[in-house]
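K.L.:
Got a structure for you, written out below as structure tokens; questions coming shortly.
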Amino acid sequence: MKIGKIAVFAIFGFSTLLVLSSFAFAQSATLQGIIDGRSGANMMVKSADGTTTVVVLNDGTQVEEVEGGLHMRKKQMGLTALVPGLPVEVKGSYNDKNQMLADSVKFKASEFKNAQDIQAGIAPAEAQVQAQQQQLQQTEQQVQQQQAAVQAQQAELTAEQQKIAANKAAIAAANKRFGELGDYNILGEVTVLFANGKVAVEPQYKPQLQQLADKAKTINGYVIQVKGYASAVGSAALNQKLSTERADNVTDFLEQQGHVPLTNILAPGAMGTSRQVAPDTTAEGQADNRRVVVRILQNKGIAGN
């Protein structure tokens, strides 16, 4: 009888161990894929088979950039580094909604650089936007001239009115395109200018950034994009450093003063002297190029259009 009790306890202990082991195994998972989008603290990861998994981020999620082969090096990164287009390996556990609760996210340094370059292409080139706006102004002037010609030449009234209507439609279509960034809508924008060689956010821009932060927090699934730029005066290394520090300082203000969670801010982009909006041959042009552009983005899938 004593032997029977021992056998029962042994079977019970072994069964309990199996249950606990199965539970632990079921809770631990690894996911590999490409970040397909960000919506607040949720990150969409598309696997090689085409399935998309919602990954839930939190302040405890460990983000690491890895590089090298045999002697692999790791670098701790912030949640803002998790940008769309970045291949990642996620470890964590699934909840009852089949969402992965991320304990850690890893990615390669080279692929992070590629993803940043892709993100830089999300926003249309500032110089191109300026050129298109100038073209629109010229088109509007042409429309006014055409309207004057219509009044002077009644015989051509019908043809000129059709031409004017076509030009106005082209302007409206162009304006609509300027408000789109790939799969995102722009719902707010602030440009912060900096003095030569300076990186601190000047007081006159802080109310604008605060208003943008307050507006963002009323938008469902928003993310904030921060891009820093520099004029072409000075060395390329210095300009890259200046654009980085300017973007970082604006990001710090949004987080600390605007109380925007880092889960809702994309990695600050250091664009250096790219995307020049004015010639650097004048002091005014240089001042326009020393800037940080901050935008509120919302995924069109969330907006429903």
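The values are calculated or read from the model by the stated rules, or taken from the named source; none is laboratory data. As the structure is a computational prediction, the values presented were derived from the model and not from experiment. Cβ atoms come from the backbone with ideal geometry, glycine included; neighbour counts cover every protein chain shown. Side chains included, ligands, DNA and RNA excluded: accessible areas come from the protein's heavy atoms. Shrake-Rupley method; radii C 1.70, N 1.55, O 1.52, S 1.80 Å.
K.L.:
If you take the residues of the range 90-117 that are basic (Lys, Arg) and more than 17 Å from Thr30 (Cβ to Cβ), which of them is most open to solvent (accessible area, probe 1.4 Å)? Don't jump to the end; show me each part of the working.
P.N.:
Filtering the range 90-117 for residues basic (Lys, Arg) gives 91, 97, 106, 108, 113.
Subset that is more than 17 Å from Thr30 (Cβ to Cβ): 97, 113.
Values: Lys97: 151, Lys113: 105 Å².
Among them, the one singled out is Lys97.
K.L.:
It is to be established whether one or more residues within the range 245-256 are at pLDDT 90 or above and over 16 Å from Lys227 (Cβ atoms).
P.N.:
yes
K.L.:
When the residues of the range 71-89 are filtered to those that are out of contact with any Leu (no Cβ under 7 Å at 6 or more places or on another chain), in a loop (DSSP other than H, G, I, E, B) and of a type outside the set (A, V, I, L, M), which remaining residue is most open to solvent (accessible area, probe 1.4 Å)?
P.N.:
Per the criteria, the residue is His71.
K.L.:
Please find, within the range 252-261, the residue that is most open to solvent (accessible area, probe 1.4 Å) out of those that are part of a helix (DSSP H, G or I) and within 16 Å of Gly40 (Cα to Cα). Walk me through it before giving the result.
P.N.:
First, pick out the residues of the range 252-261 that are part of a helix (DSSP H, G or I): 252-256.
Checking which are within 16 Å of Gly40 (Cα to Cα) leaves us with 254-255.
Values: Leu254: 0, Glu255: 68 Å².
The extreme case among them is Glu255.
K.L.:
Given the criterion among the small types (Gly, Ala, Ser) and touching a Leu at 6+ places or on another chain (Cβ under 7 Å), identify the matching residue among Ala236, Ala230.
P.N.:
Numbers: Ala236 fails: touching a Leu at 6+ places or on another chain (Cβ under 7 Å).
Just one listed residue meets the conditions, Ala230.
K.L.:
Is the range 265-283 home to any residue that is aliphatic (A, V, I, L, M) and surrounded by fewer than 16 Cβ atoms within 10 Å (Cβ to Cβ)? Working first, answer last.
P.N.:
Residues of the range 265-283 that are aliphatic (A, V, I, L, M), as a first pass: 265-267, 270-271, 277-278, 283.
Then keep just the ones that are surrounded by fewer than 16 Cβ atoms within 10 Å (Cβ to Cβ); that gives 283.
Yes: one or more hits.
K.L.:
Still on this structure: Since Lys241 meets every condition but one in (1) among the charged types (D, E, K, R); (2) open to solvent by 60 Å² or more (accessible area, probe 1.4 Å); (3) closer than 28 Å to Asn185 by Cβ, which condition does it not meet?
P.N.:
For Lys241, the exception is condition (3).
K.L.:
Could you list, in sequence order, all residues of the range 13-62 that are among the acidic types (Asp, Glu) and either in contact with a Gly (Cβ under 8 Å, 6 or more places away or on another chain) or at pLDDT 90 or above (or both)?
P.N.:
Kept after step one, since they are among the acidic types (Asp, Glu), are these residues of the range 13-62: 36, 49, 59.
Hit for the range 13-62 is Asp49, nothing else.
K.L.:
Also, I was wondering about something else. Can you name every residue in the range 280-300 that is over 15 Å from Phe194 (Cα atoms) and modelled with pLDDT of 75 or more? Break it down into steps so the answer makes sense when it comes.
P.N.:
So the first thing to find is which residues in the range 280-300 are over 15 Å from Phe194 (Cα atoms), and the list is 281-282, 295-300.
Scanning the range 280-300 gives Thr282, Arg295, Ile296, Leu297, Gln298, Asn299, Lys300.
K.L.:
Then there's this: State the number of residues belonging to the range 36-54 that are closer than 16 Å to Ile265 by Cα and open to solvent by less than 20 Å² (accessible area, probe 1.4 Å).
P.N.:
Here is the first cut: in the range 36-54, the residues closer than 16 Å to Ile265 by Cα are 36-44.
Those left that are additionally open to solvent by less than 20 Å² (accessible area, probe 1.4 Å): 37-38, 40, 43.
Number of matching residues: 4.
K.L.:
Report yes if Ala213 is in a loop (DSSP other than H, G, I, E, B) and either of a type in the set (Lys, Arg) or open to solvent by less than 20 Å² (accessible area, probe 1.4 Å) (or both), otherwise no.
P.N.:
Numbers: in a loop (DSSP other than H, G, I, E, B): no; either of a type in the set (Lys, Arg) or open to solvent by less than 20 Å² (accessible area, probe 1.4 Å) (or both): yes.
Taking the combined requirement at face value, the residue does not satisfy it.
K.L.:
Still on this structure, I have one more. Looking at the range 55-65, which of its residues are open to solvent by less than 20 Å² (accessible area, probe 1.4 Å) and farther than 21 Å from Pro268 by Cβ?
P.N.:
Val55
K.L.:
Counting only residues that are closer than 25 Å to Ala247 by Cβ, surrounded by fewer than 16 Cβ atoms within 10 Å (Cβ to Cβ) and either among the aliphatic types (A, V, I, L, M) or at pLDDT 85 or above (or both), how many does the range 121-146 have?
P.N.:
4
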